[in-house]
Amino acid sequence: MQNITVRPATLGDVAAITAIHIRASQMAYAGIMADDHLDNLSTAKRQAFWQDAIEYSEPQVWVAMGSTKTGEKVIGFVGFDRSRDEKSKPTTGEIWAIYVEPEHWGKGVGLALWDAAREGMQEEEFTDATLWVILQNERALHFHEQAGFKREMNTLKTVEVGGAKLEEIRLKRSLS
């Protein structure tokens, strides 16, 4: 495991977060989503979203910093806040997004981000955490299950992404 530090994101991190979001999505969803959709992910749309998120803290965004050949830089990020699910309790938090540079997968970056998000949600007095995962994304499912999340089978739903119909499932775990 490499030396990783996690800190709150700043507006200066928006470009790095956007680039990681796109690269990690392209790698994670290759073979799951259409290539043309993945090749044309909107930088402007994601950049605007993450800039607003950081500026207004909705969701809260934290970045993982790690050493690379060119020095220390952002190598992953997590966004978390209250659950967006309509029927969730006010004490339920949600991981809105968690992405790591593909070359840093399997090196503890995701775990460091999850630990920071868990602590942040506990500080917000959330008692449970949820997240949504595309069922075909076995790498993400495995990671979150290793972190103690359990699939809520009654939440399985079909979503349309880039013209493809995919199954998505909510995972949940206690924060205590």
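The values are calculated or read from the model by the stated rules, or taken from the named source; none is laboratory data. Note that this is a predicted model, so its numbers are computed, not measured. Note that we place each Cβ from the backbone using ideal geometry, even for glycine, and neighbour counts take in every protein chain shown.
Structural remarks
- Residue count for the stretch 54-75, restricted to those that are touching a residue at least 40 places away in the same chain (Cβ under 8 Å) and closer than 22 Å to Ile95 by Cα: 11
- Restricting the stretch 31-48 to residues that are in a helix (DSSP H, G or I) and touching a strand residue (DSSP E or B) at 6+ places or on another chain (Cβ under 9 Å), the residue that is nearest to Ala15 (Cα to Cα) is Leu38.
- Residue that is within 16 Å of Glu101 (Cβ to Cβ) and aliphatic (A, V, I, L, M), where the choices are Ala34, Ala44, Ala48, Ala15: Ala15
- Residues that are crowded, with 16+ Cβ neighbours inside 10 Å and among the acidic types (Asp, Glu), drawn from the stretch 134-176: Glu168
- Answer from Glu124, Glu119, Glu168, Glu160 - the residue that is modelled with pLDDT of 95 or more, of a type in the set (Asp, Glu) and within 23 Å of Met33 (Cβ to Cβ): Glu168
- Pairs where the first residue, in the stretch 154-176, is at positive phi and the second is in a loop (DSSP other than H, G, I, E, B) and among the small types (Gly, Ala, Ser), C-beta under 7 Å, 6+ apart: Gly162/Ala34; Gly163/Ala34
- Residue count for the stretch 106-133, restricted to those that are in contact (Cβ under 8 Å) with a residue 40 or more places away in the chain and surrounded by fewer than 19 Cβ atoms within 10 Å (Cβ to Cβ): 7.
- Looking at Pro90, Pro102, just one residue is in contact with a helix residue (DSSP H, G or I) (Cβ under 6 Å, 6 or more places away or on another chain) and either farther than 24 Å from Arg7 by Cβ or surrounded by fewer than 19 Cβ atoms within 10 Å (Cβ to Cβ) (or both), and that residue is Pro102.
- Residues satisfying the stated conditions in the stretch 49-64, i.e. part of a helix (DSSP H, G or I), among the aromatic types (Phe, Trp, Tyr) and crowded, with 17+ Cβ neighbours inside 10 Å: Phe49, Trp50
- Filter result (in contact with a helix residue (DSSP H, G or I) (Cβ under 8 Å, 6 or more places away or on another chain) and either crowded, with 20+ Cβ neighbours inside 10 Å or over 16 Å from Ala140 (Cβ atoms) (or both)) within the stretch 29-39: Tyr29, Asp39
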